[in-house]
Structure formats: C-alpha cells, structure tokens
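Written below as structure tokens is the structure these notes are about.
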Amino acid sequence: MKIDFQEISPQERYKLLSSTVIPRPIALVSTRGIDGVDNAAPYSFFNVFSEDPPILILGLQNKDDGAPKDTARNILDTGEFVVNLIDRKMAEAMNNCAVDFPPEISEFDVTGLSRSPCELIDVSRITEAPVAFECRQSFTIKLNKNRDICLGEVIYMHIRDNIIDAKSKKIKIDNYEIVARLFADYYAGIEEPFSLERINMPTWYNEWTKN
C-alpha cells in the first residue's frame, strides 16, 4: 500500500504516525501558571533531541480555535517546565492527567500525584516520577494554529537512586520500569531488552570477509 500524506486528513495522518512510530516515550509535563496553579499533562509527541546543548522536544497541541492549552500557555508565559517520565505505578495517574480539567484545577490535586520543589525553576516536579528534567524553553515554533513545537534545554535532572549507578551514570535497566506509548489505549513496558554491540569499520570488515 502507498499513502500520499498530502491527500489524507490530519486525523488519518495522526492515526498512521502514532500507530507505527512506536513505542514513544511519554512526557508528563508539569508547569506552573502565572496564577500559581500547578498543571500536569501527558505528551507522547516527545523525545530527546540533543546533548550539547541538552535539548528535549515537545509537540504541543492547541485548542481547536488556536488558543493554547494550559501547558503551552504556561510555557509561553514562564519559559519553564518539567518533563517527568512515567513508570508502571504512575500510569493510571498519568492517564487521568489527560482529562480536560478547567484551568483552575490542578491535576496534582485530583490524581493523587505529589509535588516536590525543583532546584533551579519555579515549577513543581512529580515526586513519584523515576526521572524528572527541569527545563527552560529555548524557543517554540508555531507550525499552524493547532500545533507548536517546543524545544527546552535541560538544566537539572532528578533520578531515583535505585535506577542509576552513581559512579558510571549507567541506568540499571532491570529497575527502570518505564512506560511508553503505543497507540489508541495501548501502552508498553520494557519486557525483554536485548543488546547489540556497536562496532567500528575494521571490525565489521573482518567479520564481513569471514563470511
């Protein structure tokens, strides 16, 4: 089958993209409005983009009329946000954060998630998150009235002690019960990870010539 993306609707594009580019990490983004209300919302159009500078990227969707949703508005107003990653114990609370609560309602208060202070920004991170990145907005690109792309620089990281080796900074994969987005109502954990050693050109050539 061949599909011309110029000839199908945005809804069909979303269905195809989100169900084939899987799994995708989930960012449960916490922000604070200028009114002091703490917001938390999940985003699966998200990933790490660069290490120098350390950049995370978020695909922010606006309302149908083009007005920014709470997360986008708060980032534009304050330039600060936290990307909290999700483990299995947090999955239900993360899903509840997707409910379209009114702006004056904090998802922290209705989902049972706990607040912890950040070190360098005036935003609450999620205490239960195995990993949390304090970010400052680098810049936001407006693609159209419904979609913004936000690039945020990571300035501080919080990580649970039992999932990282303090000396080597290597992640203990068996302790990291991260949850990823698939599509529709489907999510995935890390069930059977496997490793492939990256090799250099001489090693590859020696192996290739043997065959």
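The values are calculated or read from the model by the stated rules, or taken from the named source; none is laboratory data. Values in this document were obtained by computation on a predicted structure and should not be read as measured data. Quick reminder, even Gly has a Cβ in these numbers, built from the backbone with ideal geometry, and neighbours come from all protein chains shown. In case anyone asks, the SASA skips ligands and DNA or RNA and just uses the protein heavy atoms, side chains included. Shrake-Rupley method; radii C 1.70, N 1.55, O 1.52, S 1.80 Å.
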Note: probe point = Cα of ILE190 + 7 Å toward Cβ; backbone nitrogen < 13 Å; residues of segment 34-73 passing the test are none
Of every hundred units of 1.4 Å-probe accessible area on the chain, the number belonging to carbon and sulfur atoms, as a percent, is 53
Per DSSP, the loop-located GluC sites (Glu not before Pro) within segment 50-128 having at most 13 other beta carbons within 10 Å are GLU104, GLU119
Note to self: with every protein chain in place and a 1.4 Å probe, the chain gives an accessible area per residue in Å² of 64
Taking alpha-carbon centroids only, segment 122-155 lies from segment 27-91 a number of Å equal to 4
Length gained, ALA91-LYS169, 0.36 nm per residue minus C-alpha separation, equals 25.5 nm
For the chain, percent of DSSP beta bridges that are antiparallel (nearest 5) comes out at 100
Taking the chain, the lysine pairs whose C-alpha atoms sit under 26 Å apart (8 or more places apart or on different chains) add up to 12
The extension gain from SER114 to VAL48, computed as 0.36 nm times the residue separation minus the Cα-Cα distance, is 21.3 nm
Expressed as a whole-number percentage, the relative contact order of segment 78-211 with C-alpha contacts under 8 angstrom and at least six residues apart is 21
Place a point 7 Å from the Cα of ARG147 in the direction of its beta carbon; the residues of segment 2-18 whose amide N falls under 16 Å from it are 4-18
Once normalised by the length of segment 1-154, the mean sequence separation of its alpha carbon contacts under 8 Å that are 6 or more apart gives a contact order in percent of 26
Relative contact order of segment 26-91 (C-alpha contacts under 8 Å, at least 6 apart) in percent is 40
Summing +1 per Lys or Arg and -1 per Asp or Glu among the other residues with Cβ less than 9 Å from PHE101's Cβ gives -4
Output ordering of 198-205, 8-15, 143-150, 94-101 (per-residue mean of other Cβ within 10 Å, highest first) is 94-101, 143-150, 8-15, 198-205
